[in-house]
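Novice: Once you've had a glance at the structure underneath, I'll fire off some questions.
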Amino acid sequence: MEKKMYITEDEREKCKRVADAYEEIYDDEEQNIVVLDAGRYGYIKLQYYNPPYGFNDMLIFTDSKELFEDLWEDWLNTQLFELAKGTELIELDYEDIFVRLPEHKQKELMSKKDYFAKKAGMTDVFLES
C-alpha cells in the first residue's frame, strides 16, 4: 500500500526555505516557536512551550505561502509588542500599535518582510500582501 502524501515535494522544499529564513525567531526564548519538517505531512509549527507539558499550540502547513505569512505575523507582532512595552501603546492591538508608529519605523518593519521573502526565495509573497 502506497503512503499518502499531504504535501508536494516542491512545497516541502519551499517550506524548508521559509523555515530556514525565519530561523532567528526560534532563538528568541519568549517566542517559544519551533518549525519542524514532518515529512509527508508537511511542516509543523509548535509554539508556547509550557514545561513539563510541552507545546500548547500546533499548526500544520502544506503551503509555503501560508507558513511564510504565519511566521511573518509572529515576527511582526513580537516587534510591535517590544516597541509598545512600557508605554501606553501596550493597551492597543497590534494593528493600532503599528499605525501609531512613526512612518520611518513602519517602513523599517515592513522592509523586514521583504528581507525574509528574499531569504526564502519567495519575493512573490511580498508583492501580494
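Novice: Are there any pairs with C-beta distances below 6 angstrom linking a residue in the range 1-22 that is at negative phi and open to solvent by less than 70 Å² (accessible area, probe 1.4 Å) to a residue that is of a type in the set (S, T, N, Q) and in a helix (DSSP H, G or I), with the two at least 6 apart or on different chains, and if so which?
Specialist: Cβ pairs passing all conditions: E11/S64; K14/S64; C15/S64; V18/S64.
Novice: Which one of these is buried (at least 16 other Cβ atoms within 10 Å of the Cβ), without any contact (Cβ under 8 Å) to a residue 12 or more places away in the chain, touching a helix residue (DSSP H, G or I) at 6+ places or on another chain (Cβ under 9 Å) and hydrophobic (A, V, I, L, M, F, W, C): L101, L89, L80? Outline the logic, then answer.
Specialist: Details: L101 fails: without any contact (Cβ under 8 Å) to a residue 12 or more places away in the chain; L80 fails: without any contact (Cβ under 8 Å) to a residue 12 or more places away in the chain.
L89 is the lone residue from the list that is buried (at least 16 other Cβ atoms within 10 Å of the Cβ), without any contact (Cβ under 8 Å) to a residue 12 or more places away in the chain, touching a helix residue (DSSP H, G or I) at 6+ places or on another chain (Cβ under 9 Å) and hydrophobic (A, V, I, L, M, F, W, C).
Novice: Can you name the residue in the range 112-125 that is within 15 Å of the chain's Cα centre (by Cα) and without any contact (Cβ under 8 Å) to a residue 40 or more places away in the chain and, of all such residues, is most open to solvent (accessible area, probe 1.4 Å)?
Specialist: The qualifying residue most open to solvent (accessible area, probe 1.4 Å) is K118.
Novice: Is at least one residue of the range 34-46 out of contact with any Pro (no Cβ under 7 Å at 6 or more places or on another chain), surrounded by fewer than 16 Cβ atoms within 10 Å (Cβ to Cβ), aromatic (F, W, Y) and modelled with pLDDT under 95?
Specialist: No, there is no match, as no residue in the range 34-46 is out of contact with any Pro (no Cβ under 7 Å at 6 or more places or on another chain), surrounded by fewer than 16 Cβ atoms within 10 Å (Cβ to Cβ), aromatic (F, W, Y) and modelled with pLDDT under 95.
Novice: Continuing with the same structure: What single numbered condition from (1) outside any helix (DSSP H, G or I); (2) modelled with pLDDT of 95 or more fails to hold for F98?
Specialist: Just one mismatch for F98, condition (1).
Novice: Something else: Could you check, for the range 67-84, whether at least one of its residues is in a loop (DSSP other than H, G, I, E, B) and not polar (S, T, N, Q)?
Specialist: Narrowing the range 67-84 to residues in a loop (DSSP other than H, G, I, E, B): none.
The answer is no, given that none of the residues of the range 67-84 is in a loop (DSSP other than H, G, I, E, B) and not polar (S, T, N, Q).
The values are calculated or read from the model by the stated rules, or taken from the named source; none is laboratory data. In this text, all values refer to a predicted model and were calculated from it rather than measured experimentally. With ideal geometry, Cβ positions are generated from the backbone for all residues, glycine too; neighbour counts draw on all protein chains shown. Heads up: the accessible areas ignore ligands, DNA and RNA and are worked out on the full protein's heavy atoms, side chains in. Shrake-Rupley method; radii C 1.70, N 1.55, O 1.52, S 1.80 Å.
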